[in-house]
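Reviewing the structure listed below.
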Amino acid sequence: QVQLVESGGGLVQAGGSLRLSCAASGLMFSIYDMGWYRQAPGRQRELVAAITSGGTTNYADSVKGRFTISRDNAKNTVYLQMNSLKSEDTAVYSCNARGPGRVYWGQGTQVTVSS
């Protein structure tokens, strides 16, 4: 059974930082491309950042220079370091794993940035 479990969300003031973690189990983590998505109330889910199995990263324009995605294959975990947070970053952040013919999602973690 595949599980993706996010942690690290919470309430932070604008300008602050948070580090999200997504721990994966039940899959061969190293061959999966991993991503962080977010969805704010009344808005569509959007890709925030992604990292391939080979370590190539890409970011939404809105978070470039502020967020960093990384992975630790030994720990089956992907991270999202979020700095200089803004109120518009408030959303539920979900972890995503894409592999051969498979896509998995975590349950999400709430990030709230107060201005």
(request) Return the total of residues in region 4-43 being closer than 16 Å to Val111 by Cα, in a strand (DSSP E or B) and touching a strand residue (DSSP E or B) at 6+ places or on another chain (Cβ under 6 Å). (result) 15
(request) Would you tally the residues in region 65-115 being part of a strand (DSSP E or B) and either hydroxyl-bearing (Ser, Thr, Tyr) or open to solvent by less than 40 Å² (accessible area, probe 1.4 Å) (or both)? (result) 22
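The values are calculated or read from the model by the stated rules, or taken from the named source; none is laboratory data. Everything numeric here is computed off the predicted structure, so don't read it as measured data. Cβ coordinates were reconstructed from backbone atoms using ideal geometry, including for glycine residues, and neighbour counts include every protein chain displayed. Surface accessibility is based on the protein's heavy atoms, side chains included, excluding ligands, DNA and RNA. Shrake-Rupley method; radii C 1.70, N 1.55, O 1.52, S 1.80 Å.
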